[in-house]
Amino acid sequence: MELRYGMNPHQGAAEAAPVSQGRWPLRVLNGNPSLINMLDALNGWQLVREARRVLGREVATSFKHVSPAGAATSGPVEDDIAELYGVSAADLSAVAGAYLRARDADPKSSYGDLAAVSEPVDEALAEVLSGLVCDGIIAPGYAPGTVAKLSRKKDGRFLVMEADAGYSPPPRETREVFGLRLTQDRDTAPVTADVLTRAVDGQQLPPRAVADLLLGLVVLRYTQSNSVCYVRDGVTIGIGAGQQSRVDCTRLAGAKADTWWLRRHPSVRAMAFRPEIRRQERINWQIRFIEGGLTGEEATRFAEALSVPAEALTADAHSRWIAGLDGVALASDGALPFRDNVDHARRHGVRYIAEPGGSTRSSEVEQACREHDIVLARTGLRLFHH
């Protein structure tokens, strides 16, 4: 298959070819993917397929630059969040709700994403996608009429890809870098509830925390390392990816979790935008309002975007609302090397942590969890992905 271009538009002569007896893991139904589109599709599909198998629920993810911006299982979608995306929560199917939850986890990063879902695309999901800035989707099937509907997006350039749900990849994988061929066994270590049974001090994880941590671990398997993932009620509310320092992952993901939570503050939910303000602009203004420190020009444009002045979010109100974020699960793809990760995590509502363990300061990490009343599970499983 000839790709539109390689990693960058100036890298032409890009192509994709199957390595396993001529069988393709997917087929393109519409559009012409670039190399990054293909990487996003393959990683996104693997994530939702594995999470569906582990959790037994519909799963969706929103991919950008070979890492998930968000991932979620099916579940409730707040009415005002659904309205922000131009749909009714009552009209959402399970798979459409899963994608909307995944997209809303980090909606600024998800702008222009590639979606992946574990179930066939139905009319409800096609309707959601039709109103969003999204580059494409990969799914194991499509309801009648949905491919035609989606193919009209982006002047016919919207990518529609169908995954082969029965495809099994080769046991070894190879890549070439700077004239060197690198080969390794494919990462097939199972991510199941069994890896969460080794909680320190004999503590027990509640079922909801187990499900959240399992989702987090699967997400990390397909996220650029180093990476840390915050999960709450089946939604990755913060993903910190590709940082050299693990505590930077923890802080980045925590800041995203705070933003996700603050978008549910009454002052933010009550924002009334002028009809001509587009959906993504509304979301971006919500986030910019939460961040604070608007410049004079920004404050003017923000005021002009509103039909009614926004209620100020004071520092005290900000702190009190953040204090209400609780019951969050944190998964790490590598060992937590210092207790500072735990100290930062607790500031963002974390009560459960899953990490491989084995660092030279693991005892200090354990002590920090005791001090913060956090249940720590040692998985013994590192999930680096590059």
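Coordinate-derived values only; no laboratory data. Owing to the predicted nature of the structure, the values given are computational and were not obtained by experimental measurement. Here the Cβ positions follow ideal geometry from the backbone for every residue, glycine too, while neighbour counts run over all protein chains shown.
How about region 290-380: which GluC sites (Glu not before Pro) there are in a DSSP loop, with at most 13 other Cβ atoms within 10 Å of their Cβ?
In loop regions of region 290-380 (DSSP not H, G, I, E or B), the sparsely surrounded GluC sites (Glu not before Pro) are GLU311.
Sort ASP201, ASP122, ASP135 so the one with the fewest other Cβ atoms within 10 Å of its own Cβ comes first.
The fewest-first ordering by Cβ neighbours comes to ASP201, ASP122, ASP135.
Suppose the chain between GLN367 and ALA94 were pulled fully straight at 0.36 nm per residue; how much longer would it get relative to their current alpha carbon spacing? Let's see the in-between values first.
Numbers: separation 273, 0.36 × 273 = 98.28 nm, distance 4.06 nm.
Full-extension gain reported as 94.2 nm.
Could you work out the local net charge near LEU129, counting Lys and Arg as +1, Asp and Glu as -1, over the other residues with Cβ closer than 10 Å to its Cβ?
Net charge around LEU129: +2.
Connecting C-alpha atoms closer than 10 Å in a GNM of the chain, tell me which of ILE239, ILE137, ILE374 has the biggest fluctuation.
ILE374
State the extension gain, in nm to one decimal, for the chain segment bounded by LEU182 and ALA16, taking 0.36 nm per residue of separation less the distance between their alpha-carbons.
Result for the pair: 58.0 nm of gain on full extension.
Give me the three principal axis extents of region 28-163 from the C-alpha atoms, as integers in angstrom, largest value leading.
Principal extents (largest minus smallest coordinate, Cα): 35, 32, 29 Å.
What is the distance, in nm, between label points placed 7 Å from the Cα along the Cα-to-Cβ direction at TYR167 and at ALA193?
Reported label-point gap for TYR167 and ALA193 is 3.2 nm.
Rounded to the nearest 500 deg cm²/dmol, what is the calculated helix-only ellipticity per residue at 222 nm for the chain, with -39500 (n - 2.57) per DSSP H run of length n ≥ 4?
Roughly -10500 deg cm²/dmol at 222 nm, from the helical runs in the chain.
Limiting things to C-alpha atoms, what are the Rg and the maximum Cα-Cα separation (Dmax) for the chain, in angstroms?
Taking only Cα atoms of the chain, I get Rg and Dmax of 21.1, 62 Å.
Ranked by Cβ crowding within 10 angstrom, fewest neighbours first, how are ILE290, ILE237 ordered?
ILE290, ILE237
Return a whole-number percent for the relative contact order of the chain, with Cα pairs under 8 Å and 6 or more residues apart as the contact set. Please report the intermediate quantities before stating the final value.
Values: 792 pairs, mean separation 56.0, N = 386.
Computed value for the chain: 15 percent relative contact order.
Just subtract the alpha-carbon distance of ALA299 and THR314 from 0.36 nm times their residue separation and send over the number in nm, one decimal.
Net length gain for the segment: 3.8 nm.
For the chain, which DSSP H helices look membrane-span-like by this rule: Cα extent along the axis of 20 Å or more and mean Kyte-Doolittle of at least 1.0? Mind showing how you got there, number by number?
Numbers: long enough: 35-55 (30 Å, 0.24); 207-221 (21 Å, 1.38); 246-262 (24 Å, -0.22).
What comes out of the filter, once short or polar helices are dropped, is 207-221.
Sort VAL200, VAL308 so that the residue with the fewest other Cβ atoms within 10 Å of its own Cβ comes first and the one with the most comes last.
Values: VAL200 19, VAL308 10.
Ranking VAL200, VAL308 by Cβ neighbours within 10 Å, fewest first, gives VAL308, VAL200.
Output ³J(HN,Hα) for region 373-386: one whole-Hz value per residue in order, computed from phi by the Karplus curve 6.51 cos²θ - 1.76 cosθ + 1.60 with θ = phi - 60°, and x for Gly and Pro.
Once rounded to whole Hz, the list reads 6, 10, 7, 10, 10, 9, 7, x, 10, 8, 10, 5, 9, 9.
Net charge near GLU298: determine it from the other residues with C-beta under 12 Å of the C-beta of GLU298, scoring Lys and Arg +1 and Asp and Glu -1.
-1
Can you give me the distance in nm between label points at GLU276 and SER245, each placed 7 Å from the Cα along the Cα-to-Cβ direction?
It works out to 4.5 nm between the two label points.
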